[in-house]
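First up is the structure itself, then whatever we jot down about it.
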Amino acid sequence: MSPLNHLANRFELHAVDGLARTGQLTTPHGVVRTPAFMPVGTAGAMKGVHWREVRDAGSDIVLGNTYHLMLRPGAERIAALGGLQHFTGWNGPMLTDSGGFQVMSLSQLRKVSESAVTFRSHIDGIKVELSPERSIEVQRLLGSDIAMQLDECVRLPAERSDIERAMRLSLRWAERSKRAFETAPSGYMLFGIVQGGDVPELRQASARGLVEIGFHGYAIGGLAVGEPQAVMLAMIEQTVPILPDDRPRYLMGVGTPGDLLEAVKRGIDMFDCVLPTRNGRHGVAYTRFGQVNLRNARHADDPRPLDETSPWPSTRNCSRAYLHHLVKSGETLGAMLLSEINIAYYQRLMAEISDAIGQGRFREFHERARIEWAQGDITPR
């Protein structure tokens, strides 16, 4: 494995229970406890939630998006204004996605070549080129603590030939991202991204290639993009044994509380997903009893809170009837409350998982949590 600069950035393992791990990732803007869930602030903001609530809920690190911030307000502008943390008011660690997900999600607006991805901006149609080198430059300008290599993500199901082409291209882009990173010294870390779709041998080849190049951490990308959970978990199982034990492992774009629990069981340390805020805006709460849809009429006369044991005030104090009323009335407050409730639950889950691993009882916690979540929207009155 080739060495990387910036040794002040480090990852330390604290406890291991089976394959599940707890640790600490030190960055220039603070410490990240793992396993960690990163709320998604794509354009430098958490939809409907103030940074204060994000921090108070227990979040150590948040995610921003290179593609979106590059287009608006612009990486050079953010750099001139002091970097992403100063610009947004989030004074903690930040990870920036490289723009690779938009290669898939904006497939109608882009063209992929060996040298770069060319986009038609979804804002004004202007032609924009994103190469591995430009992606690294943008992330350096943003001042993110963790940068990601540019990759090509393929939506599943897909033909093996398409999956392999994208994986091989992503490996070549990984080499270019690493070179660009090393020629522009800064305080951040660089993660490589394992691709390979739902083909085990391609996942393994991608992981081996990235380890040979050498990164501060390793992400597993291209999952939760249309495949069943069983396939996602199988790909994690094929990949994790190849990745170094002393580097953080990040499962990108995942997922539900059940996904997080199963992935931690298989050795994953970091996650991000839009579900807590997106589903909160659509009337869905996540609790230790599972998913609760506050649009359902059965909640209209229910005086109970979502969870009277929760340390989060809105979860403990707002009645289901009130939350139902806000959602059905289209009140912005409903989306705001449910989004913060969901972020707080995800962070509570990470803390409980970490405690269980540290005490050597993760298997017991895993089984109990699965039973509680199965109750879902039928929690007893």
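Couple of notes before you dig in:
- Backbone geometry of the stretch 230-245 corresponds, through the Karplus equation with coefficients 6.51, -1.76 and 1.60 at θ = phi - 60°, to 3J(HN,Hα) couplings of 4, 5, 4, 5, 5, 5, 4, 4, 6, 9, 3, x, 7, 7, x, 5 Hz, x marking Gly and Pro.
- Taking a point 7 Å out from the Cα of E175 in the direction of its Cβ, the residues of the stretch 190-226 whose backbone N falls within less than 17 Å of it are 192-195, 205-215.
- Two-decimal Rg/Rh across the stretch 313-366, once Rg and the Kirkwood Rh are taken from alpha-carbon atoms: 1.19
- Theoretical gain in end-to-end length, D355 to R72 [0.36 nm per residue, Cα-Cα removed]: 97.9 nm
- When only the Cβ of Lys, Arg, Asp and Glu is charged (+1, +1, -1, -1), the dipole of the stretch 1-99 relative to its Cα centre reaches about 160 debye.
- Segment A234..R165, full-extension length gain: 22.7 nm, with 0.36 nm per residue of separation and the alpha-carbon distance subtracted.
- Rounded to the nearest 5, the antiparallel percentage of DSSP beta bridges internal to the chain is 50%.
- Principal axis dimensions, the stretch 61-271 - Cα atoms, whole angstrom, descending: 44, 34, 33
- Farthest toward positive dipole pole in the stretch 106-161 [+1 Lys/Arg, -1 Asp/Glu at C-beta], among L130, L141, V112: V112
- Length gained when the stretch N91-V112 is fully extended (0.36 nm per residue, less Cα-Cα span): 4.0 nm
- Comparing T66, T183, T27 in a Gaussian network model of the chain, where Cα atoms under 10 Å apart are tied by springs, the biggest mean-square fluctuation is seen for T183.
- Taking a straight Cα-Cα cut-off under 19 Å and skipping sequence neighbours fewer than 8 places away in the same chain, the lysines within cross-link reach of K111 are K127.
- Under 18 Å from K265, Cα to Cα: aspartates and glutamates that are on another chain or at least 8 residues apart: D17, E237, D245, D246, E352, D355, E364, E367, E372
- In sequence order, calculated HN-Hα J values of the stretch 354-370 (Karplus, 6.51, -1.76, 1.60; Hz; x Gly/Pro): 4, 4, 5, 5, x, 9, x, 10, 5, 4, 5, 4, 4, 5, 5, 5, 4
- Assigned charges on the beta-carbon of Lys, Arg, Asp, Glu; the stretch 61-271 dipole about Cα centre (debye): 420
- Which of G192, Y67, P157, positive extreme of dipole for the chain (C-beta unit charges): Y67
- Normalised by 2.2 N^0.38 Å, with N the number of residues, the alpha-carbon radius of gyration of the chain equals 0.97.
- 3J(HN,Hα) along the stretch 302-314: 9, x, 6, x, 5, 7, 5, 8, 5, x, 7, x, 5 Hz, from the Karplus curve 6.51 cos²θ - 1.76 cosθ + 1.60 with θ = phi - 60°, whole Hz, x for Gly and Pro.
- Residues S115, S161 arranged by fewest to most Cβ contacts within 10 Å: S161, S115
- Listed residue (T26, S98, M46) projecting farthest to the positive dipole end of the chain, Cβ model: M46
- Exposure proxy order (Cβ contacts within 10 Å, fewest to most) of S170, S121, S131: S121, S131, S170
- Counting only DSSP beta bridges with both residues in the stretch 225-348, the antiparallel share comes to about 75 percent.
- Centroid-to-centroid separation of the stretch 167-212 and the stretch 235-306 [C-alpha atoms, Å]: 26
- Student exercise, the chain dipole from Lys, Arg, Asp, Glu Cβ charges, in Debye to nearest 20: 560
Bear in mind that the values in this text are calculations on the coordinates, not laboratory data. Here the structure is a predicted model, which is why all the values come from computation and not from measurement. Because the Cβ atoms are built from the backbone with ideal geometry, glycine has one as well, and the counts that use them run over all protein chains shown.
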